[in-house]
1. Sum -39500 (n - 2.57) across every DSSP H segment of at least 4 residues in chain B, then divide by the residue count to get the 222 nm mean residue ellipticity, nearest 500.
2. For peptide A:179-191, what's the mean number of Cβ atoms from other chains within 10 Å of each residue's Cβ?
3. What lysines sit close enough to A:Lys65 to cross-link, taking a C-alpha to C-alpha distance under 27 Å and skipping anything fewer than 8 places away on the same chain?
4. Quick one, could you list the DSSP H helices from chain A stretching 27 Å or more along their long axis (Cα atoms) with average Kyte-Doolittle hydropathy of 0.5 or above?
5. Considering only DSSP beta bridges where both residues belong to the protein assembly as shown, give the percentage that are antiparallel (nearest 5).
6. Within region B:1-93, list the GluC sites (Glu not before Pro) lying in a DSSP loop whose Cβ has at most 14 other Cβ atoms in a 10 Å radius.
7. Testing the spin-label approximation: label points 7 Å from Cα along Cα→Cβ at A:Asn291 and A:Val123. State their distance in nm.
8. What relative contact order, as a whole-number percentage, does region A:24-168 give when Cα pairs under 8 Å and 6 or more residues apart are counted?
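None of the figures in this text is laboratory data; all of them are computed from the coordinates on show. Note that this is a predicted model, so its numbers are computed, not measured. Cβ placement follows ideal geometry from the backbone for every residue including glycine, while neighbour counts extend to all protein chains displayed.
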Amino acid sequence: MSATKLETSTPDVSPPVRWGEKIIEGLIWAAGLSTILIVALIFIFLLKEGLPTFLDIPLRQLFGKRWYPIEGMFGLASLLAGTLLVTAGAVIITVPLGIVTAIYLGEFAPPWQREILKPLIEVLAGIPSIVLGFLGWVALAPIIQNAGAPTGLTAFTGALILAYMALPTIISISEDALYAVPKEYRDGALAIGATQWQTIWRVVLPAAKSGIVIAVMLGIGRAIGETMVALMVTGNAANIPAFGADIMFQPVRTMTATIAAEMGEVAQGSLHYSVLFGIGILLFLITFAINSLARKLVGGESVRRKRTGF
Amino acid sequence: MTNDKIAVNNLFFTYPDGTEALSNVSLNIAANQIFVLFGPARSGKTTLLRLLNRLSDLLEGARHQGDILFNGESVFRRNANVIELRRKISMVFAIPTPLPGSIRQNLTYGLRMAGIKDKVLHEARVETSLQQAGLWDEVKDRLDTSAFALSGGQKQRLCIARSLALEPEVLVLDNPTSGLDPLSTAVVEESLYDLKEQYTIVMVPHSVQQGARVADVAAFMLGGELVEVCTADKMFMNPQDQRTEDYITGRFG
């Protein structure tokens, strides 16, 4: 009885509009949309400038070995090889080192060490790449040359410096991921007789997997996209290194370095110009592929679980 | 006295921030009984439980005095094997904590970490421990699905089963039915009666009523001190200390 009475007495007007909330909602919507818009615009711009690369040059020649722009030979194989070598080298060095450091910081280091190390690692992230490039040039390159390489400016030199640059990103994001693993997991594992190492290896690391994969992904992204270091210390030789034990100790040239080095001297609208944008498109696709792969590795389910808490 | 599984002697415990959590606690826990530790929040119950298998080691800078004997040997002795100790005195927490992985993996974690690889033994322990925890019938057809998909009550029984799979000597339960509905609570309590045939159970109950339902021996704690310890009948019918009576009858605080 009272329920029907309540229903009929409900006023037939909608509740007052909360303008403040509407405005904030709108701003958040606009901010979210602008990110998508900007990414789309960048891609459209790249396509517009770079598309002639893939239309005007036969694919066989485009992925050929010879990069002689002045003679109209735009073979990207050597640049791809350079980027691949330097990036892979950097990742192989930096990923294990970064994750192990994060485990040490998060699980083993006493508080006073953590208090010293964490800010230092963040400072490391703030060093401009040109400074590191300089360091590689004057300090690292001579060592590598003295060790027997034909020149000190090699793929390995670049990989080492890039590994160093990606390190802080990987450490701090992995450490955050480890820190986010609930204390109950550790207690649960220890309470059934796990050693500290077993707890980390079998429980904490699997639980932090998605965060660590993201850390590695961002690290790789940093290594692929870095230009200044690549330009300064990898030797700038657009040729495919001879396959052998010393493959890492030969000068190479990365895709990013090529764009940076040559963009200043090409005629706008020329084929060379659009090939440089074409390289940009390739870089964009490579990064996109890595992102998608990482997403697949992490698995959509666990990402969602992490976000909703289930 | 020789029948005592665990003997706590004049135990003091101080947290790293200087809070004294336990003050001169002494009690004996006999084998194959349910020993219930109850008292208000912050009375030191959980602290005492975590000291039994030295999970308290995780707190850097905490100090203890006094001793805990397990099967007559000090758990703090210099050459004590803490990992082995935790396999023998296995603990289940208030918040159920399935580990990442399937139900089966959760149950065999402890065995695998103890270096036991025998698959046949794994299978046998999985089934026995789930049956002991009263969970077998509900999960026997989906042992390989994620442990996170279980309900709250099932998760908690999974955690109990995970401890049982190790065949410990003592099962330590810190409020194992918090957040469980009355039916799940009844299932857990029911399984405790059966478990004490084989194990010694030390438990912090969810409520005084639960303590009274399951306990053989009960201890009342208040502000880090042991007020009273005696058989359950005596404790819940005719407590000796005024403070115990006030707490049990709800006149407290």
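1. -10000 deg cm²/dmol
2. 6
3. A:Lys48
4. Values: long enough: A:19-56 (55 Å, 1.34); A:77-103 (38 Å, 2.09); A:155-179 (35 Å, 1.29); A:271-298 (40 Å, 1.62).
Helices passing the filter in chain A: A:19-56, A:77-103, A:155-179, A:271-298.
5. 60 percent
6. Numbers: sites: B:Glu20, B:Glu60, B:Glu73, B:Glu84; in loops: B:Glu60.
Filter output for region B:1-93: B:Glu60.
7. Those two pseudo-labels are separated by 3.4 nm.
8. For region A:24-168, the relative contact order is 24 percent.
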